[in-house]
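Derivation of every value follows stated rules applied to the coordinates shown; laboratory data play no part. Given the structure is predicted, the values throughout are model-derived calculations rather than measurements. Ideal geometry is used to build each Cβ from the backbone, glycine not excepted, and the neighbour counts take in all protein chains shown.
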Amino acid sequence: MNINILTFLNFLLASFILSLYPNLLYRCCTDNNILHMTSIRAVLRKTKLANHKFPIILRFTKNRRSKYFRTPYNALEPEWNSNIGEFNKKSNNYIQNNRLLNTII
C-alpha cells in the first residue's frame, strides 16, 4: 500500500491533536463510583471504496456508544486480521502499517 505524503501528514496531524487533547482518547469519569473508560479498536468497514478496498477506521466506544474516525489506510479483506485489528502478512508494508496504527491506539 502506497501512502502519499499529504495523507501521511494528515495522519500525523491527527495523532498530534490527539496527543494534545488526551481526553479525546482516554476520557475517564466517575459517576456513582463506576469508572467509565473509552475503548479504541481498529476495524475494517464493510463498505467498498472505488478501488475495491475497504477503509480501516478507528472505533471509539464509551458507554456502549460508538464513534468512527477514518484513517489513511485501505485494505482487502484477506489482508486484514479482524480478531486482533491489524494487517496480516498478506499486506504490503504490514509491519510499518501496524506500528502506525498502534501508536494511535
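Restricting attention to segment 46-67, the residues that are of a type outside the set (A, V, I, L, M, F, W, C) and either free of Cβ contacts under 8 Å to residues at least 12 places away in the same chain or under 18 Å from residue 100 (Cβ atoms) (or both) total 10. For segment 88-105, filtering for residues that are among the polar types (S, T, N, Q) and in contact (Cβ under 8 Å) with a residue 40 or more places away in the chain leaves 5.
For segment 43-89, the candidate set comprises residues that are in a strand (DSSP E or B) and β-branched (Val, Ile, Thr); within that set, the residue that is farthest from the chain's Cα centre (by Cα) is 61.
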